[in-house]
1. Within the stretch 65-100, can you find the residues that are part of a helix (DSSP H, G or I) and surrounded by fewer than 21 Cβ atoms within 10 Å (Cβ to Cβ)?
2. Quick test for you: out of V40, V32, pick the one residue that is of a type in the set (V, I, T), within 17 Å of the chain's Cα centre (by Cα) and at pLDDT 95 or above.
3. With respect to L43, determine if the residue is touching a residue at least 60 places away in the same chain (Cβ under 8 Å), touching a strand residue (DSSP E or B) at 6+ places or on another chain (Cβ under 7 Å) and either open to solvent by less than 40 Å² (accessible area, probe 1.4 Å) or over 19 Å from A185 (Cβ atoms) (or both).
4. Would you confirm whether or not the stretch 160-174 contains a residue that is over 27 Å from L98 (Cα atoms) and out of contact with any Phe, Trp or Tyr (no Cβ under 7 Å at 6 or more places or on another chain)?
5. Taking the stretch 43-74, which residues are within 14 Å of F141 (Cβ to Cβ) and either of a type in the set (A, V, I, L, M, F, W, C) or under 14 Å from the mean Cα position of the chain (by Cα) (or both)?
6. Considering the stretch 176-203 alone, what residues qualify as being assigned to a helix (DSSP H, G or I), open to solvent by 10 Å² or more (accessible area, probe 1.4 Å) and of a type in the set (G, A, S)?
7. Inside the stretch 1-40, can you point out the residues that are open to solvent by less than 30 Å² (accessible area, probe 1.4 Å), under 25 Å from A68 (Cα atoms) and among the polar types (S, T, N, Q)?
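The values are calculated or read from the model by the stated rules, or taken from the named source; none is laboratory data. Here the structure is a predicted model, which is why all the values come from computation and not from measurement. Cβ atoms come from the backbone with ideal geometry, glycine included; neighbour counts cover every protein chain shown. Heads up: the accessible areas ignore ligands, DNA and RNA and are worked out on the full protein's heavy atoms, side chains in. Shrake-Rupley method; radii C 1.70, N 1.55, O 1.52, S 1.80 Å.
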Amino acid sequence: MTTLISPSILNSDIGHLAGELEKISNADWAHVDVMDNHFVPNLTWGVPVIEAAKKYSPVPIDAHLMIADPDRWVPSFVEAGADSVTFHAEAVAAPIRLAREVRGMGARVGIALNPATQIDDYIDILDEFDMVLCMTVEPGFGGQPFLTSVMPKVRRLRELINKKGLETWIQVDGGVSVDTIEQAAEAGANNFVAGSAVYRAEDAANAVDQLRELARKCSHS
């Protein structure tokens, strides 16, 4: 399965968004963290930033919606230009209906699980999603340490996906760096969100390449 690096613009200089996106032109996706100060205790940005990112990004836009009531708000993010939209299992009322709506609009769809949220309720509906995001920190703030306790969940999810013959991506988000990406790849993740590790590096593009190479060495075929 393809190894994908998705730098989070949460750690970028949003005042120079076009230039910050150009720094990661060798990445696979640009990850946009949307927080509403309700589902998580932090506030970032919304639809206008997705629209701007879509205008300037050299790579597809991956919108991670850490918001309440995604059933209502998700379609507007697809309309704004998000190529992939991920909503949280803990916030959604009708995950299958919403997933099908997103796919019907032509975008990829993901479901996100907080560190303590188990996958059991979603095993039978995995084929409704293009991606499962396993949070490796508690959502809401950047710069938190990577939670190794989530790796058994990632490993089990990879086994289930392979057993079912699905092409579902497993994304990890939170604390991903040169020190942690290998264990996430070994567990079965193939899509890696990195914020600080990319945008606080001296050379963002080089950081992307380094992370991709480390992950590929440990990735599952």
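1. Our first condition is that a residue be part of a helix (DSSP H, G or I); within the stretch 65-100, this holds for 70-79, 95-100.
Within the stretch 65-100, D71, R72, W73, P75, S76, E79, I96, R97, R100 qualify.
2. Numbers: V40 fails: at pLDDT 95 or above.
That would be V32, the only listed residue that is of a type in the set (V, I, T), within 17 Å of the chain's Cα centre (by Cα) and at pLDDT 95 or above.
3. Working: touching a residue at least 60 places away in the same chain (Cβ under 8 Å): no; touching a strand residue (DSSP E or B) at 6+ places or on another chain (Cβ under 7 Å): yes; either open to solvent by less than 40 Å² (accessible area, probe 1.4 Å) or over 19 Å from A185 (Cβ atoms) (or both): yes.
No: the conditions fail for L43.
4. From the stretch 160-174, those over 27 Å from L98 (Cα atoms) are none; that's our starting set.
So far as the stretch 160-174 goes, no, none of its residues is over 27 Å from L98 (Cα atoms) and out of contact with any Phe, Trp or Tyr (no Cβ under 7 Å at 6 or more places or on another chain).
5. Residues of the stretch 43-74 that are within 14 Å of F141 (Cβ to Cβ), as a first pass: 43-44, 64, 66.
If the condition is that a residue be within 14 Å of F141 (Cβ to Cβ) and either of a type in the set (A, V, I, L, M, F, W, C) or under 14 Å from the mean Cα position of the chain (by Cα) (or both), then L43, H64, M66 are the ones that fit.
6. Let us first name the residues in the stretch 176-203 that are assigned to a helix (DSSP H, G or I), namely 181-187, 196-199.
Restricting the remaining residues to those that are open to solvent by 10 Å² or more (accessible area, probe 1.4 Å) gives 182-183, 186, 196-197, 199.
Correct list: S196, A197.
7. Correct list: S6, S8, S12.
Yes/no per residue for (1) closer than 27 Å to P75 by Cα; (2) in contact with a helix residue (DSSP H, G or I) (Cβ under 7 Å, 6 or more places away or on another chain); (3) open to solvent by 60 Å² or more (accessible area, probe 1.4 Å); (4) among the hydrophobic types (A, V, I, L, M, F, W, C):
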residue	(1), (2), (3), (4)
V102	yes, yes, no, yes
Y122	yes, no, no, no
E128	yes, yes, no, no
V132	yes, yes, no, yes
M151	no, yes, no, yes
N162	no, no, yes, no
V172	yes, yes, no, yes
